[in-house]
């Protein structure tokens, strides 16, 4: 399975870091996790046509993680981007209401045109989509946020935290699978903010989850990438990578 970091930043504009978005590819199928502002362009730059994305997974409904949902759906109404295969949008509690509000504003522009569009809230405990197996667990954040496990038949894959601190449920899920942890690292070393993590907290979560590797992402402008990686390495013995837009990892 291949992981591409489409956006490694946050809501704050940065040169070289877009808003959160990841792409997972396996067996000719494409899954996108989060659609921050500009994600549609980033997906296309990664060599994937929007019509070839079959599953969109949202961690939570803060704008920096889902603002590109409208442009993503709108683009697929154009003749050059028209799709025929079904599209599933999967997310946390509140997703259906969120889509309903978007539809109230944008009308048919966010409906499926020539394809089946489904919007589902996660009910768990697991799900299979194509070659992918999915699971989810809540994090501690200011709104409902689901950390997603997405892996293959061999129970090996990735866990993407979205936003938030670790929970017992997330640690339990992590220990069930061999995985690379893609963890938010919004805060610089030594700073604490409820609902977000600094490098030490992300590393400690990787240890608790039994992760085989750690990727630090969701980096604010005040987070120095090299310093964050160095601090995480002091606490976590596996491989540590600081995400950059366009980073590709085989997991």
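The values are calculated or read from the model by the stated rules, or taken from the named source; none is laboratory data. No experiment lies behind these values; they were computed from the predicted model shown. Heads up, the Cβs are rebuilt from the backbone with ideal geometry, glycines too, and the neighbour counts pull from every protein chain shown.
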Region 76-94, subset at pLDDT 95 or above and under 20 Å from residue 105 (Cβ atoms), residue surrounded by the fewest Cβ atoms within 10 Å (Cβ to Cβ): 94
Complete set of residues in region 11-53 that are closer than 12 Å to residue 64 by Cα, in contact with a helix residue (DSSP H, G or I) (Cβ under 6 Å, 6 or more places away or on another chain) and buried (at least 22 other Cβ atoms within 10 Å of the Cβ): 18, 19, 20, 21, 34, 35, 36
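Quick check, is residue 139 in contact (Cβ under 8 Å) with a residue 12 or more places away in the chain, crowded, with 19+ Cβ neighbours inside 10 Å and farther than 23 Å from residue 30 by Cβ? Give the derivation first.
Working: in contact (Cβ under 8 Å) with a residue 12 or more places away in the chain: yes; crowded, with 19+ Cβ neighbours inside 10 Å: yes; farther than 23 Å from residue 30 by Cβ: yes.
So residue 139 fits the description; yes.
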Selection count where residues are in contact (Cβ under 8 Å) with a residue 24 or more places away in the chain and under 18 Å from residue 232 (Cα atoms), scope region 175-190: 11
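Results for (1) touching a strand residue (DSSP E or B) at 6+ places or on another chain (Cβ under 7 Å); (2) over 20 Å from residue 118 (Cα atoms), shown as yes or no for each residue.
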residue	(1), (2)
26	yes, yes
33	yes, no
43	yes, yes
50	no, no
62	no, yes
69	no, no
87	yes, no
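Kindly establish whether residue 7 is touching a helix residue (DSSP H, G or I) at 6+ places or on another chain (Cβ under 9 Å) and within 14 Å of residue 72 (Cα to Cα).
On the way: touching a helix residue (DSSP H, G or I) at 6+ places or on another chain (Cβ under 9 Å): yes; within 14 Å of residue 72 (Cα to Cα): no.
It is false that residue 7 is touching a helix residue (DSSP H, G or I) at 6+ places or on another chain (Cβ under 9 Å) and within 14 Å of residue 72 (Cα to Cα).
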